[in-house]
Amino acid sequence: MCSPPRSHPDKDIMSLRTDAYIDGQWRSGAKRFPVFNPATQETVAQVPDLGAAEAEEAIAAAHRAFPKWAAKTAKERGQIMRAWFDLMIADLDRLARLISLEGGKPVAEAKGEAMYGASFVEWFAEEAKRAYGRVIPTTTPTRRYVTIKQPIGVCAAVTPWNFPMAMITRKAAPAIAAGCTIVLKPPHQTPLTALALAELAENAGLPPGVFNVVTTEHAAAVGKVMCESPLVRHFSFTGSTEIGKKLGAACVGSTVKKVALELGGNAPLIVFADADLDLAVKGAVMSKFRNAGQTCVCANRILVEDAIYDAFSKKLADAVAKLKVGPGDQEGVDVGPLIDKKAIEKVELMVGEALASGAVALTGGKKHAAGAQFYTPTVLANVTRDMRVNTEEIFGPVAPLIRFNSEDEAVAIANDTPFGLAAYFFTRDVNRAWRVAERIEAGMVSINDGIFSNEVIPFGGWKESGLGREGGSEGLDEYLESKFVNFGGF
Ligand code: SIN
């Protein structure tokens, strides 16, 4: 039986947990590092800068906790997770303000993320009860065959700053529901939400060692321990393709552990001439400007059919010019700051290069007066396929428009990338909808809709966008091993 949920003792955002969480203990560490508000660059907290030794310690704690946690029934684990979910929902406002404070997204959008994040805990608490094996029809009268699913063991996860809550629960919830224990390294930019989740987990009655949070500025040292430890059986990473390849290689090369990678994208959003243009504009704005363009599934480039190029570009530029830019805690803000100096410099550089090569800014095209890390929502016309805004992930509020003349050309441009995470297109032709959905090389295709993420779908990419799926029933399978059992001697 789970212990009854306790309500959060203090809803004030400044009553933050700022210590790391290992084996059910709050750990302060000898050194600490600052967490900044990206809207103002002010320091909002200092958290422990832990290293390889503490990562080893957390893994050992997770290893000790594993047998008892795995031995619980899925229903028992689900009850504790349900309590964790209830506490998240009760604390939604504080979580949203925290996500906004350290990650920069507007509070209303952050509240959406908090609900999205909590939904994985609810979903997997229920889904784990359905971790079915199979009975395989025998090939000989003297044998019977079955498969069973069992938790893989200790898991390690490295999560990104663009979803300080949801990318944690999308990994931790299936792992914990499956009967695994987990060590999490949150990003150094947004560790506070991770610690708030640990506090809620503790209040929900999650036993010590099941969920551990190692805060650090030394990602490489902690990552190395996670990848190479023989006690860790599953490693999950969300972040860049460049880092993901190295971590994946280290995991397989050292201890052949199972790896899940959610990596970069370069999502096309195609607007065919037969599309509902207002719907396409709405979808493009939703997809492109979510979290100021800082999601892996944001439309990176917008491909527009020649016949409607002018009409669509004008409508899009008008809509984008109306987006309100400002700090996430300001009422009515649509687009917050970028995460750090490096991010804004990259966007400035890519837009500058495009403009110098013949692109035209229909709106924006420069930094925003709201502060050092704000970029004006931008629409670039006359973008060509060789420009970096087409070939690389921008991760900023910039929509490059590329013209095409036929369905074949649109599909060829869309697929001309090593990435294959998400793709969007707008059409009113149902045959084209099927045809193009089948031809696009991506793990997720969204038709006539700029947003699709939720807990019940399998989220993940093709090609260099990753390995494995998160969410849905597939998300649970990641954390289960399948075991074949032969009953002989009949
Ligand atoms: C991501 O950017 O990695 C996640 C986006 C989502 O879950 O919708």
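The values are calculated or read from the model by the stated rules, or taken from the named source; none is laboratory data. Keep in mind that this is a model prediction, so the values were computed, not measured. Positions of Cβ are generated from backbone atoms using ideal geometry, with glycine treated the same way; all protein chains shown enter the neighbour counts. For the accessible areas, the whole protein counts, side chains as well, though only heavy atoms, and no ligand, DNA or RNA atoms are used. Shrake-Rupley method; radii C 1.70, N 1.55, O 1.52, S 1.80 Å.
Would you confirm, using the coordinates I've provided, whether ILE243 is surrounded by fewer than 24 Cβ atoms within 10 Å (Cβ to Cβ), under 18 Å from the mean Cα position of the chain (by Cα) and of a type in the set (Val, Ile, Thr)? It is true that ILE243 is surrounded by fewer than 24 Cβ atoms within 10 Å (Cβ to Cβ), under 18 Å from the mean Cα position of the chain (by Cα) and of a type in the set (Val, Ile, Thr). Every test in (1) touching an Asp or Glu at 6+ places or on another chain (Cβ under 7 Å); (2) of a type in the set (A, V, I, L, M); (3) crowded, with 22+ Cβ neighbours inside 10 Å is passed by LEU323 save one, and that test is (3). Screening the candidates ALA90, ALA108, ALA114, ALA96 for the property of being touching a Ser or Thr at 6+ places or on another chain (Cβ under 8 Å) and under 24 Å from ALA45 (Cα atoms) yields one hit, ALA90. Scanning the range 376-401 for residues that are surrounded by fewer than 23 Cβ atoms within 10 Å (Cβ to Cβ) and in a strand (DSSP E or B) returns a single hit, ALA381.
Tallying residues that are surrounded by fewer than 20 Cβ atoms within 10 Å (Cβ to Cβ) and either free of Cβ contacts under 8 Å to residues at least 12 places away in the same chain or in a strand (DSSP E or B) (or both) within the range 455-476 yields 3. Any residue at all in the range 299-310 that's within 16 Å of the ligand (Cβ to nearest atom) and touching a residue at least 40 places away in the same chain (Cβ under 8 Å)? Within the range 299-310, one or more residues are within 16 Å of the ligand (Cβ to nearest atom) and touching a residue at least 40 places away in the same chain (Cβ under 8 Å). The set of residues in the range 121-145 being of a type in the set (S, T, N, Q) and touching a strand residue (DSSP E or B) at 6+ places or on another chain (Cβ under 7 Å) consists of THR138 alone. Could you say whether any residue in the range 419-429 is within 24 Å of LYS258 (Cβ to Cβ), touching a Ser or Thr at 6+ places or on another chain (Cβ under 6 Å), open to solvent by 50 Å² or more (accessible area, probe 1.4 Å) and not in a loop (DSSP other than H, G, I, E, B)? Checking the range 419-429: not a single residue is within 24 Å of LYS258 (Cβ to Cβ), touching a Ser or Thr at 6+ places or on another chain (Cβ under 6 Å), open to solvent by 50 Å² or more (accessible area, probe 1.4 Å) and not in a loop (DSSP other than H, G, I, E, B). Please list, ordered by first then second residue, the pairs with beta carbon atoms under 6 Å, 6 or more apart or interchain, first in the range 282-294 and over 9 Å from VAL335 (Cα atoms) and open to solvent by 10 Å² or more (accessible area, probe 1.4 Å), second assigned to a helix (DSSP H, G or I) and away from the ligand (no atom under 12 Å from the Cβ). Matching pairs, first to second residue: VAL285/ALA319.
Within the bounds of the range 119-136, is there any residue that is among the polar types (S, T, N, Q) and over 25 Å from VAL35 (Cα atoms)? Yes.
Within the range 121-157, the set of residues being of a type in the set (D, E, K, R) and over 20 Å from PRO67 (Cα atoms) comprises GLU122, GLU126, GLU127, ARG130, ARG134, ARG143, ARG144. Remark: THR241 falls outside the filter, which requires a residue to be β-branched (Val, Ile, Thr) and in contact with a helix residue (DSSP H, G or I) (Cβ under 7 Å, 6 or more places away or on another chain). Output yes when any residue across the range 261-280 is touching a residue at least 60 places away in the same chain (Cβ under 8 Å), more than 16 Å from the ligand (Cβ to nearest atom), open to solvent by 30 Å² or more (accessible area, probe 1.4 Å) and of a type outside the set (A, V, I, L, M, F, W, C), and no when none is. So far as the range 261-280 goes, yes, one or more of its residues are touching a residue at least 60 places away in the same chain (Cβ under 8 Å), more than 16 Å from the ligand (Cβ to nearest atom), open to solvent by 30 Å² or more (accessible area, probe 1.4 Å) and of a type outside the set (A, V, I, L, M, F, W, C).
Here's the yes/no breakdown for (1) more than 30 Å from LEU316 (Cβ to Cβ); (2) modelled with pLDDT of 95 or more:
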{"site": "GLU202", "(1), (2)": "yes, yes"}
{"site": "HIS218", "(1), (2)": "yes, no"}
{"site": "MET226", "(1), (2)": "yes, yes"}
{"site": "SER229", "(1), (2)": "yes, yes"}
{"site": "ARG233", "(1), (2)": "yes, yes"}
{"site": "VAL271", "(1), (2)": "no, yes"}
{"site": "CYS296", "(1), (2)": "no, yes"}
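Listed by position, the helices (runs of 4 or more DSSP H) enclosed by the range 64-145 that each have at least 3 residues that are open to solvent by less than 10 Å² (accessible area, probe 1.4 Å) and more than 16 Å from the ligand (Cβ to nearest atom) are 74-90, 92-103.
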